[in-house]
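The values are calculated or read from the model by the stated rules, or taken from the named source; none is laboratory data. Keep in mind that this is a model prediction, so the values were computed, not measured. Positions of Cβ are backbone-derived with ideal geometry, glycine not excepted, and every protein chain shown enters the neighbour counts.
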């Protein structure tokens, strides 16, 4: 149990964490992987290379130190982390390994400033957080196994269909190899898929949004091929799916997780997607249509051009078939596009539509795309009068955006 005096010691490290937090977390990961190299099979080594994981962890440690008196205010953030953890099969014992290296890293970075009382305070603070996280994740695991077709850990799935959706995006239809049912999920959630990467000599998990409504039979993920000459380890996973995983192959899959999900209301809804960020929103829109929802739905999507626009015909058909659905598409270049309403040249610009079209007192907004895309449109919506609590967003990868 952490004492009041120990909380004060933890709070006293806030200036250090603000200034040198990333230095601390970089040292922590380096130390942990040196002593426990098996954990490289659990952590996303792509985010280690680009330092997104180190930056995200530094932000989380800082937020915890700042809110050590009332850690419950961090539960929305902790839930997102917990959802990611259960998708990676993180267990309570893993917290002891991580905690040992984090506490050692604090001592090694602070050196003479790391008094015994300070290290004891951080030990108490860390294990308070570990207990909160372990209990929350246990409840999430229990919910998984209580579902029909639910499971925890990794389960083999067969790729029964592999469908090209655009020049860059291919869909993979995943069926359980045991022939059993698959657990329902909330539209917007993701799966973890695990592959062995020969170039790294490691198993590597990656999260992919489920791009179809719940059906009890299969999951679909829609994956973008990375075109860089030397792709990051993230690109290695996606590109391996494209180039080496074929129909009939097996892949390891974890149960659906994530808290970027469609709210069960009757409010008008606006989907705003950039590139492959449309995948969780596809599941949301399809679920609304399958359920006969009368909610007014507007879809605004941006990408480079029609050749990379996956699901463009699906979106067009939904808008034609349903009076309560409309869609607007932004392409960087309209060359080769026949004259058509609701197509625009340039970057997505919400202000183009005017306040009255996008914002009513109860409108909900769901944004998914690159971090800069999310941040821009989040701020634009606030400026147009949207309520902060009505804007939901999903940032692929470690959580680094601090918008609400």
**Message:** As an exercise: evaluate residue 322 against (1) modelled with pLDDT of 90 or more; (2) surrounded by 14 or more Cβ atoms within 10 Å (Cβ to Cβ); (3) touching a strand residue (DSSP E or B) at 6+ places or on another chain (Cβ under 7 Å) and give the number of the one condition it does not meet.
**Reply:** (3)
**Request:** Say whether the condition of being in contact (Cβ under 8 Å) with a residue 60 or more places away in the chain, in contact with a strand residue (DSSP E or B) (Cβ under 7 Å, 6 or more places away or on another chain), more than 26 Å from residue 393 (Cβ to Cβ) and assigned to a helix (DSSP H, G or I) is met by at least one residue in segment 26-36.
**Result:** no
**Message:** With the structure loaded, tell me whether residue 132 is surrounded by 18 or more Cβ atoms within 10 Å (Cβ to Cβ), part of a helix (DSSP H, G or I), on the phi < 0 side of the Ramachandran plot and in contact (Cβ under 8 Å) with a residue 60 or more places away in the chain or whether it fails that test.
**Reply:** no
**Prompt:** With respect to the numbered conditions (1) modelled with pLDDT of 95 or more; (2) not in a helix (DSSP H, G or I), which one is the sole condition not fulfilled by residue 23?
**Reply:** (2)
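Rundown of residues vs (1) assigned to a helix (DSSP H, G or I); (2) assigned by TED's automatic domain parsing to the domain that holds residue 179, yes/no style:
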| position | (1), (2) |
| --- | --- |
| 248 | no, yes |
| 276 | yes, no |
| 279 | yes, no |
| 288 | yes, no |
| 295 | no, no |
| 315 | yes, no |
**Request:** Those residues that are surrounded by fewer than 16 Cβ atoms within 10 Å (Cβ to Cβ) and either over 16 Å from residue 195 (Cβ atoms) or at pLDDT 95 or above (or both), I need them from segment 219-239; list them, please.
**Result:** 227, 228, 229, 230
**Request:** Given the conditions (1) closer than 19 Å to residue 375 by Cα; (2) in contact with a strand residue (DSSP E or B) (Cβ under 9 Å, 6 or more places away or on another chain); (3) touching a residue at least 24 places away in the same chain (Cβ under 8 Å), report the number of the one that residue 355 does not fulfil.
**Result:** (2)
**Test for residue 217: is it within 28 Å of residue 154 (Cα to Cα), assigned to a helix (DSSP H, G or I), outside the structural domain of residue 354 (by TED's automatic domain parsing) and in contact (Cβ under 8 Å) with a residue 40 or more places away in the chain** = no
**Asked** Is one or more of the residues making up segment 97-114 touching a helix residue (DSSP H, G or I) at 6+ places or on another chain (Cβ under 9 Å), in a loop (DSSP other than H, G, I, E, B) and modelled with pLDDT under 95?
**Response** yes
**Request:** Quick one: which residue in 333, 342 is at pLDDT below 95 and closer than 19 Å to residue 281 by Cβ?
**Result:** 342
**Message:** Within segment 345-361, take every residue that is part of a helix (DSSP H, G or I) and modelled with pLDDT under 85 and give me the one that is surrounded by the most Cβ atoms within 10 Å (Cβ to Cβ).
**Reply:** 358
**Matching residues, segment 252-285, being in contact (Cβ under 8 Å) with a residue 60 or more places away in the chain and surrounded by fewer than 20 Cβ atoms within 10 Å (Cβ to Cβ)** = 252, 259, 261, 263, 265, 267, 268
**Request:** Any chance you could count how many residues in segment 362-376 are surrounded by fewer than 16 Cβ atoms within 10 Å (Cβ to Cβ) and in a strand (DSSP E or B)?
**Result:** 0
